[in-house]
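Colleague: Please find one structure pasted underneath; my questions will follow.
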C-alpha cells in the first residue's frame with residue numbers, strides 16, 4: 001500500500017483527530033451522549049485505520065499484542081474494582097456515593113472510573129478481534145510460500 005500516497009497522507013492527518021474525538025466522547029460521556037463504549041469503538045477505529053493503511057505488521061509494532069491483552073484485562077479490573085471498592089466500603093456493588101466525602105463527587109468519580117474501564121476494554125477487544133481476523137491469512141500464506 002506504499003504507492004497510495006494520498007491515502008497514507010490523509011490517514012496520518014485524520015488519525016490524531018479520531019483519537020482526540022475518542023477522548024472527547026470518553027470524557028464528555030457523563031454529561032451528554034457518549035461514554036466508554038462509544039469512545040472505545042472510536043479509539044479502536046483509529047488503530048484499525050492505521051493497520052489498514054500501513055499494514056498489520058506496522059500496526060503490531062505500534063500496538064503490540066501483549067499491550068492489547070493488558071488493555072483488555074486492565075479495563076475489566078478497573079470496572080470491577082470500582083464496584084468491589086464500594087462493596088468493601090459497605091455499600092452495594094457500583095454504588096458510587098461512597099467513593100468520596102461528597103456523594104455528587106463520588107458519583108462523578110465512579111462514573112469516570114467505570115466508563116474509562118469500559119472504554120479501555122472495548123478498544124482493546126476491538127483491536128484484538130481485528131488483529132485476529134486480519135492476521136489469519138498471513139500465517140497461511142507464509143506457510144505455503
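All of the numbers you see were taken from the coordinates with simple rules; none came from a lab. Computed from a prediction, not measured in an experiment: that's the story for all the values here. Because the Cβ atoms are built from the backbone with ideal geometry, glycine has one as well, and the counts that use them run over all protein chains shown.
Colleague: Tell me whether the stretch 5-144 comes out rounded, prolate or oblate; compute the Cα gyration tensor, take square roots of the eigenvalues as a ≥ b ≥ c, and use a/c under 1.5 as the rounded threshold.
Modeller: oblate
Colleague: Here's a follow-up. Find the relative contact order for the chain and round it to a whole percent, using C-alpha pairs within less than 8 Å whose residues are 6+ positions apart.
Modeller: Dividing the mean separation by the residue count of the chain yields 28 percent.
Colleague: Hey, another quick one. For 50, 96, what's the fewest-to-most ordering of other Cβ within 10 Å of each Cβ?
Modeller: 50, 96
Colleague: If each of residue 77 and residue 100 carries a label point 7 Å out from its Cα toward its Cβ, how far apart are those two points in nm?
Modeller: 2.5
Colleague: What is the spin-label model distance, in nm, from residue 4 to residue 134 if the labels are put 7 Å beyond Cα along the C-beta direction?
Modeller: 1.2
Colleague: What is the order of 65, 97, fewest Cβ neighbours within 10 Å to most?
Modeller: The most exposed by this proxy come first: 65, 97.
Colleague: Kindly provide the helix-only [θ] at 222 nm of the chain, computed as the sum of -39,500 (n - 2.57) over DSSP H runs of four or more divided by all residues, to the nearest 500 deg cm²/dmol?
Modeller: -27000 deg cm²/dmol
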